[in-house]
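Below: the structure, in structure tokens.
The values are calculated or read from the model by the stated rules, or taken from the named source; none is laboratory data. Predicted model only: the values in this text are computed from it and were never measured. Here Cβ is always computed from backbone atoms with ideal geometry, including for glycine, and neighbour counts include all displayed protein chains.
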Ligand code: GRF
């Protein structure tokens, strides 16, 4: 399966997926909306083609998404992976990749959609927090859940400590979710929930 990974920054989740060397997965390219994204250097040093589609070069979200879609479609991917991609995508874009667009979000959805999840978890006083891989649908951070991981919130945690504990789990569950997709083990049932088929 051909995979395109979209990043905006550090790219540590992209790196985890690349390092996992998932059987049957070929990373066709890494695309960033920011020319200075740290993850681009890692991808290039691993022989993965990189592209930049700079959102600042486009007059509107629609124009940016159209350019991004052109760049993605040229690579004919089976799966598009959002890995710390920090742009809200238009419904048109999301629908174009229906069923083949994954995202990782740093909270236990449906708790804490949106930004600043670790800070908000601390403020809410939750005792557990975590991360979610989900299919992307037009409603932000609301699509069918593929896999989640839980971490404790510990006394004395600050945002950085909690984020670091969650990130370890992100790096574990995102390659897992991608490997399920690549092995054709994921489907979405009539109620919009993800079924993970047993290995055949
Ligand atoms: C991750 O915490 C991801 O869940 C969030 O942004 C962060 C990206 O980190 N959406 P990286 O770029 O993968 O290192």
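Key figures for this structure:
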| quantity | calculated |
| --- | --- |
| Candidates 149, 163, filtered to the one that is closer than 20 Å to residue 86 by Cα and more than 12 Å from the chain's Cα centre (by Cα) | 163 |
| Within the range 1-26, tally of residues that are more than 11 Å from the ligand (Cβ to nearest atom), more than 25 Å from residue 90 (Cβ to Cβ) and surrounded by 20 or more Cβ atoms within 10 Å (Cβ to Cβ) | 3 |
| Selection from the range 109-128 of residues that are away from the ligand (no atom under 12 Å from the Cβ) and part of a loop (DSSP other than H, G, I, E, B) | 110, 111, 125, 126, 127 |
| Any chance residue 129 is without any contact (Cβ under 8 Å) to a residue 40 or more places away in the chain, touching a helix residue (DSSP H, G or I) at 6+ places or on another chain (Cβ under 6 Å) and surrounded by 14 or more Cβ atoms within 10 Å (Cβ to Cβ) | yes |
| Top-ranked residue in the range 27-41 [being within 13 Å of residue 84 (Cβ to Cβ) and in contact with a strand residue (DSSP E or B) (Cβ under 8 Å, 6 or more places away or on another chain); ranked as nearest to the ligand (Cβ to nearest atom)] | 39 |
| Flag for residue 135 being surrounded by 15 or more Cβ atoms within 10 Å (Cβ to Cβ), more than 16 Å from the ligand (Cβ to nearest atom) and either under 21 Å from residue 20 (Cα atoms) or free of Cβ contacts under 8 Å to residues at least 12 places away in the same chain (or both) | no |
| Selection status of residue 140, under 14 Å from the mean Cα position of the chain (by Cα) and surrounded by fewer than 21 Cβ atoms within 10 Å (Cβ to Cβ) | yes |
| Which listed residue, of 191, 198, 164, 124, is surrounded by fewer than 17 Cβ atoms within 10 Å (Cβ to Cβ) and modelled with pLDDT under 95 | 191 |
| Sole residue being within 13 Å of the ligand (Cβ to nearest atom) and either in a strand (DSSP E or B) or free of Cβ contacts under 8 Å to residues at least 40 places away in the same chain (or both), chosen from 149, 44, 69, 63 | 149 |
